[in-house]
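S.K.: The structure that follows is given in the form of structure tokens.
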Amino acid sequence: MFSGSIPALVTSFRDGALDEDAFRAFVDWQIDEGSAGLVPCGTTGESATMTVEEHNRVVAICVDQAAGRVPVIAGCGSNDTKIALEHMYAAQAAGANAALVVAPYYNKPNQEGVYQHFAYLAQHCDLPIILYNVPSRTITDIGVPVLFRLAEEFQSIVGIKDATGNLGRVTAQRLACGTDFCQLSGNDETALGFNAMGGVGCISVTANVAPKLCADFQAACTSGDWTAALALQDRLYPLHDALFSDSSPGPVKYALSRLRPDMPTNLRLPITWPSDASRTAVDRALEIAGLV
């Protein structure tokens, strides 16, 4: 159901508020450039700084503008299980194709708590769920035994965005959950190895900036053209690295300011404009990628 290059979309803020027209234009550009799906209200979208009303509005706009051309996987995560469920209800009502639900952050639940969090969501809403495992941000890991248990018990839990950085997890999760369980990389820089080990795509930060190159990279992986995929990996790698040279999505929005002057690049605190060194790294990476 979900594969290829799927950008975790930035959110267009202007003067502190959502710029709906700019966001709609950004959605169109992403689809025109070959993105295979869209994720509004993820980490890169600064969902942690949005009100519930803003969050739900961004999802609804994305679904409306995509108009069925590509699937929309709505960010629905929260460290409060019931708030995550409310986001899922709103995403389902808006017409999203799935929910991306991060492991509960800050609370630091044990593995039983992680299981119960996702089980509760699956029991109370039938919107397909893609789990999001990013221990570097949440401290909480979705262990392979818990993943197996969830995938075995709930048909609506259809995949995982794996941002552990541990490529061995791809094989472990494939053996535990089967080949039909959708594994999407959460790290652009390791997406080549991730796909070679059984992944089917990437929920990508870099695709915000280089959607066509990322789409071409994923297409090469899908077709088994690993020579072309490696060449694109080398071309994109400096950008993958530079976009995390300061707190994300600061470098991403800086890169967009160079490529799309129509796209407002305001950030919400506590994220700030990237440092001089970060901007220099982004500039160089954009040149290597052939984007400027």
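S.K.: Can you pull out every residue in region 22-47 that is β-branched (V, I, T) and touching a residue at least 40 places away in the same chain (Cβ under 8 Å)? Before the answer, list the steps.
M.R.: To start, the set of residues in region 22-47 that are β-branched (V, I, T) comprises 27, 31, 39, 43-44.
Once the filter is applied, which keeps residues that are β-branched (V, I, T) and touching a residue at least 40 places away in the same chain (Cβ under 8 Å), region 22-47 yields V39, T43, T44.
S.K.: Please verify whether S245 is assigned to a helix (DSSP H, G or I) and without any contact (Cβ under 8 Å) to a residue 40 or more places away in the chain, treating the condition exactly as stated.
M.R.: Values: assigned to a helix (DSSP H, G or I): no; without any contact (Cβ under 8 Å) to a residue 40 or more places away in the chain: yes.
Considered against the rule, which asks whether it is assigned to a helix (DSSP H, G or I) and without any contact (Cβ under 8 Å) to a residue 40 or more places away in the chain, S245 comes out as no.
S.K.: Anything in region 91-121 that is of a type in the set (G, A, S), in a helix (DSSP H, G or I) and surrounded by fewer than 20 Cβ atoms within 10 Å (Cβ to Cβ)? List them, or say none.
M.R.: So the first thing to find is which residues in region 91-121 are of a type in the set (G, A, S), and the list is 91, 93-96, 98-99, 103, 113, 119.
Filter once more, so that each one left must be in a helix (DSSP H, G or I): 91, 93-94, 113, 119.
A93, A94, G113, A119, listed by residue number.
S.K.: What do you reckon, is T138 under 18 Å from the mean Cα position of the chain (by Cα), within 27 Å of A231 (Cα to Cα) and not acidic (D, E)?
M.R.: Values: under 18 Å from the mean Cα position of the chain (by Cα): yes; within 27 Å of A231 (Cα to Cα): no; not acidic (D, E): yes.
Judged against the criteria, T138 is not a match.
S.K.: What are the residues in region 1-57 that are surrounded by fewer than 24 Cβ atoms within 10 Å (Cβ to Cβ), of a type in the set (V, I, T) and assigned to a helix (DSSP H, G or I), if any?
M.R.: I31, T49, V52
S.K.: Additional query: Could you list, in sequence order, the residues of region 58-69 that are of a type outside the set (S, T, N, Q) and either part of a helix (DSSP H, G or I) or more than 25 Å from R14 (Cβ to Cβ) (or both)?
M.R.: Keep residues of region 58-69 that are of a type outside the set (S, T, N, Q), which gives 58-64, 66-69.
Within region 58-69, V58, V59, A60, I61, C62, V63, D64, A66, G68, R69 meet the criteria.
S.K.: Return yes or no: is G159 under 17 Å from the mean Cα position of the chain (by Cα), of a type in the set (G, A, S) and in a loop (DSSP other than H, G, I, E, B)?
M.R.: Numbers: under 17 Å from the mean Cα position of the chain (by Cα): yes; of a type in the set (G, A, S): yes; in a loop (DSSP other than H, G, I, E, B): no.
Against the criterion (under 17 Å from the mean Cα position of the chain (by Cα), of a type in the set (G, A, S) and in a loop (DSSP other than H, G, I, E, B)), G159 does not qualify.
S.K.: Among the residues of region 197-213, are any under 25 Å from P128 (Cβ atoms), in contact (Cβ under 8 Å) with a residue 40 or more places away in the chain, touching a strand residue (DSSP E or B) at 6+ places or on another chain (Cβ under 7 Å) and in a loop (DSSP other than H, G, I, E, B)?
M.R.: Within region 197-213, one or more residues are under 25 Å from P128 (Cβ atoms), in contact (Cβ under 8 Å) with a residue 40 or more places away in the chain, touching a strand residue (DSSP E or B) at 6+ places or on another chain (Cβ under 7 Å) and in a loop (DSSP other than H, G, I, E, B).
S.K.: Which of (1) surrounded by fewer than 22 Cβ atoms within 10 Å (Cβ to Cβ); (2) at pLDDT 95 or above; (3) hydrophobic (A, V, I, L, M, F, W, C) is the odd one out, the single condition M263 does not satisfy?
M.R.: Only one criterion is unmet by M263, namely (2).
S.K.: How about region 10-31: which of its residues are touching a helix residue (DSSP H, G or I) at 6+ places or on another chain (Cβ under 8 Å), aliphatic (A, V, I, L, M) and either farther than 17 Å from T51 by Cα or at pLDDT below 95 (or both)?
M.R.: Our first condition is that a residue be touching a helix residue (DSSP H, G or I) at 6+ places or on another chain (Cβ under 8 Å); within region 10-31, this holds for 10-12, 14, 18, 20, 23-24, 27-31.
Checking which are aliphatic (A, V, I, L, M) leaves us with 10, 18, 27, 31.
The answer is V27, I31.
S.K.: Just to be sure I understand the filter: pairs with C-beta atoms under 6 Å, separated by 6 or more residues or on different chains, first member in region 76-93 and within 20 Å of D141 (Cα to Cα), second member surrounded by fewer than 18 Cβ atoms within 10 Å (Cβ to Cβ) and among the aromatic types (F, W, Y). Which pairs pass?
M.R.: Short answer, once both residue conditions are applied: N79/Y105; N79/Y106; T81/Y120.
S.K.: Within the bounds of region 78-88, is there any residue that is surrounded by 18 or more Cβ atoms within 10 Å (Cβ to Cβ), over 17 Å from the mean Cα position of the chain (by Cα) and not polar (S, T, N, Q)?
M.R.: Initially, region 78-88 is screened for residues surrounded by 18 or more Cβ atoms within 10 Å (Cβ to Cβ), giving 78, 81, 84-85, 87-88.
Then drop every residue that is not over 17 Å from the mean Cα position of the chain (by Cα), which leaves 81, 85.
The next check asks that each one be not polar (S, T, N, Q); those that pass are 85.
Yes, because at least one residue in region 78-88 is surrounded by 18 or more Cβ atoms within 10 Å (Cβ to Cβ), over 17 Å from the mean Cα position of the chain (by Cα) and not polar (S, T, N, Q).
S.K.: Additional query: For residues that are touching a residue at least 40 places away in the same chain (Cβ under 8 Å) and either closer than 14 Å to G250 by Cβ or part of a helix (DSSP H, G or I) (or both), tally how many sit in region 268-292. If you could, list the steps in order and put the result at the bottom.
M.R.: Of all residues in region 268-292, those touching a residue at least 40 places away in the same chain (Cβ under 8 Å) come to 268-269, 271, 281-282, 284-286, 288-291.
Restricting the remaining residues to those that are either closer than 14 Å to G250 by Cβ or part of a helix (DSSP H, G or I) (or both) gives 268-269, 271, 281-282, 284-286, 288-289.
Of the residues in region 268-292, 10 are touching a residue at least 40 places away in the same chain (Cβ under 8 Å) and either closer than 14 Å to G250 by Cβ or part of a helix (DSSP H, G or I) (or both).
S.K.: Something else: Could you please find all residues in region 139-159 being surrounded by fewer than 23 Cβ atoms within 10 Å (Cβ to Cβ) and touching a residue at least 40 places away in the same chain (Cβ under 8 Å)?
M.R.: V158 - this is the single residue of region 139-159 that is surrounded by fewer than 23 Cβ atoms within 10 Å (Cβ to Cβ) and touching a residue at least 40 places away in the same chain (Cβ under 8 Å).
S.K.: Could you check region 210-236 and list, in sequence order, the residues that are more than 16 Å from the chain's Cα centre (by Cα) and either closer than 23 Å to F26 by Cα or buried (at least 21 other Cβ atoms within 10 Å of the Cβ) (or both)?
M.R.: Those that are more than 16 Å from the chain's Cα centre (by Cα) and either closer than 23 Å to F26 by Cα or buried (at least 21 other Cβ atoms within 10 Å of the Cβ) (or both): K212, L213, D216, F217, A219, C221, A229, L232, L236.
The values are calculated or read from the model by the stated rules, or taken from the named source; none is laboratory data. In this text the structure is predicted, and so the values were computed from the model without any measurement. A quick note on method: Cβ atoms are made from the backbone with ideal geometry, for glycine too, and the neighbour counts reach across all protein chains shown.
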